[in-house]
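The values are calculated or read from the model by the stated rules, or taken from the named source; none is laboratory data. It should be emphasised that the depicted structure is a prediction, and the values quoted were computed from it without experimental measurement. Reconstructed Cβ throughout: ideal geometry from the backbone, glycine too, with neighbour counts over all protein chains shown. Areas reflect the complete protein model, heavy atoms only, side chains present, ligands, DNA and RNA absent. Shrake-Rupley method; radii C 1.70, N 1.55, O 1.52, S 1.80 Å.
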Amino acid sequence: ASTAITCFTRGLDLRKGTEDVLCPANCPLWQFYVFGDGVYASLSSVCGAAIHSGVITNTGGAVRVQTLPGQESYPAVNANGIQSQVLSRWASSFSVTAGTKSTALEAVGRSVSTARPSTGKRPKKTLDKKAGNKDCKADIAFLIDGSYNIGQRRFNLQKNFVGKVAVMLGIGTEGPHVGVVQASEHPKIEFYLKNYTAAKEVLFAIKELGFRGGNSNTGKALKYTAQKFFSLENGARKGIPKIIVVFLDGWPSDDLEEAGIVAREFGVNVFIVSVAKPTTEELGMVQDIGFVDKAVCRNNGFFSYQMPTWFGTTKYVKPLVQKLCSHEQMLCSKTCYNSVNIGFLIDGSSSVGESNFRLMLEFVSNVAKAFEISDIGSKVAAVQFTYSQRSEFSFTDYVTKEKVLSAIRNIRYMSGGTATGDAISFTTTNVFGPVKDGPNKNFLIVLTDGQSYDDVRGPAAAAQKAGITIFSVGIAWAPLDDLKDMASEPRESHTFFTREFTGLEPMVPDIIRGICKDFLDSKQ
């Protein structure tokens, strides 16, 4: 049976490799977000892609969605009333073909973030107002223009637009949190993330904002916001993307480039919403005509947004909200601490012994503790091996640090022989296989105290070919040749050895630094 989806269900919201869906009629074409042509980034609206490719028209219909690997780039093509957008490099894609309408389901046209099967009854509204939209993970500062450039009248129109965006985001205790900073001669934080967690309160606070006037020192305000706004004391949450949405009427009076660099250093994703771009005659007054590209998180088209005027802006609300809720695209939030998958392959052979096995688990816990583990952040998995392998937990089993650490503590010692090569192959296929197309970088830490009875070189090479970086950690009788054969290049910096199990603890900072170095090197 086909699954009824909404106009705004994205490829990444679907969970199967091939899925038959039913698109509703009369989706607003201008609200579709589509990246690519023929092969679409999974961030794209499924129904938008289906109309763009000519599989269906705006009357809706059945579509078959096929999941595909990511692409290095997605082109912008105008087709069937939809302008697709350019996107550089994305982790997964999909294609669309005509489906068969196997059941008399009616697709729904309301905006929800995930696809849900139709039951034939009107679906109940599942959004918990207090919790907010749990699918939208973001801490957002709206940096509004309060300069003489915009003036009192357009300042009020800007407030209306920001209010509409805030409401559509689905603000709540477990959803997005927002605050507002006003840019003028000197920046002023109007309210912090922690001040309001209900849309109604935020709307009222925005309505009450007073116009300040002065020069549009947006660069100064952006730098100030990046440095001061997102502290834990002010309500910023660990592991949640930090976003500044800069509203700019015309052009800034100061330099944005340095502020953009500072924001990126602080792990903040900067969006620029520019309204009423400078005319040809006005360009001579602009300090740097490339100010948008230099301020945004990445100059890939995703982080810049244009509106011709402050009048009639309602149609621009939803596309902006969709961008702000696309946590996979928040490239400036991605650090080695929140964007890695770390698999631990733990030797449970009889030579280890119960007490030393506990020291190995302490080492695993102390490495895991350093990372920001969450459903949208880093993930941890563990496999214990002897001659056989036992998956203790996968990357998707636990999405909080507390649960991961508890699961590590509860691992029971197996005892047996040592077949490290087989264990690497098992882990590559069963643990890393399901996440190989995901956005996180993959690492495997192999812990062993002895010689393997099988070949380790072949399985390690296959793991590395599959995109897994291997650190080998040997204890006691583990041969250095085996450790080097398993480790990624350069082998010296990926191979660790200690004579005693108590020597594992001092290695923890070096392993963490090694993961971060590899992560940063992979992004260059």
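Values for this structure:
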| item | result |
| --- | --- |
| Potential extension, LYS523-ALA79 segment - 0.36 nm per residue separation minus Cα distance | 156.5 nm |
| Amide H contacts of ILE244 (H built 1.01 Å from N, under 5 Å, at least 5 apart or other chain) | ALA141, ASN269, VAL270, PHE271 |
| Surface accessible to a 1.4 Å probe, per residue, for the residues of the stretch 147-229, Å² | 44 |
| In order through the stretch 176-183: 3J(HN,Hα) via Karplus (6.51 cos²θ - 1.76 cosθ + 1.60), integer Hz, x for Gly, Pro | x, 10, 10, x, 9, 10, 9, 9 |
| Nearest-0.05 FRET efficiency for THR309 and ASP437, computed from C-beta distance (R0 45 Å) | 0.65 |
| Estimated distance in nm for a label pair at SER355 and ARG409, the labels positioned 7 Å out from Cα along Cα-to-Cβ | 2.1 |
| Residues with amide H under 5 Å from that of GLY60, placed H, sequence gap 5 or more | ASN26 |
| In order through the stretch 52-67: 3J(HN,Hα) via Karplus (6.51 cos²θ - 1.76 cosθ + 1.60), integer Hz, x for Gly, Pro | 4, 7, x, 5, 9, 10, 6, 7, x, x, 7, 9, 9, 10, 10, 6 |
| Among 354-365, 228-239, the order from most to least packed when residues are scored by Cβ within 10 Å on average | 354-365, 228-239 |
| Efficiency of FRET from Cβ geometry, ASP455 and GLU257, R₀ 45 Å, rounded to 0.05 | 0.25 |
| Mean Cβ neighbour count within 10 Å, used as a protection proxy, ranking 456-463, 509-516, 338-345, 46-53 highest first | 46-53, 338-345, 456-463, 509-516 |
| 222 nm mean residue ellipticity, helices alone, for the chain (DSSP H n ≥ 4; -39,500 (n - 2.57); rounded to 500) | -7500 deg cm²/dmol |
| Whole-number accessible area per residue in Å² for the stretch 340-521, which is evaluated in the context of all protein chains at 1.4 Å | 42 |
| Sequence-distant residues sharing a close amide H with ILE470 (under 5 Å, placed H) | LEU444, SER488 |
| Mean separation of Cα contacts under 8 Å (6+ apart) over length of the chain, as relative contact order % | 10 |
| Potential extension, GLU402-TYR148 segment - 0.36 nm per residue separation minus Cα distance | 86.4 nm |
| Highest average packing first - 499-508, 385-394, Cβ atoms within 10 Å | 385-394, 499-508 |
| Carbon/sulfur fraction of accessible area - the stretch 3-98, other protein chains in place, 1.4 Å, % | 50 |
| Full-extension gain in nm, GLU489 to ASN430, via 0.36 nm per residue minus C-alpha separation | 18.9 nm |
| ³J(HN,Hα), Karplus 6.51/-1.76/1.60, whole Hz, each residue of the stretch 372-380, x for Gly, Pro | 8, 8, 7, 5, 10, x, 6, 9, 10 |
| Qualifying chymotrypsin sites (Phe, Trp or Tyr not before Pro) for the stretch 427-463 [loop in DSSP, other Cβ within 10 Å: at most 16] | TYR453 |
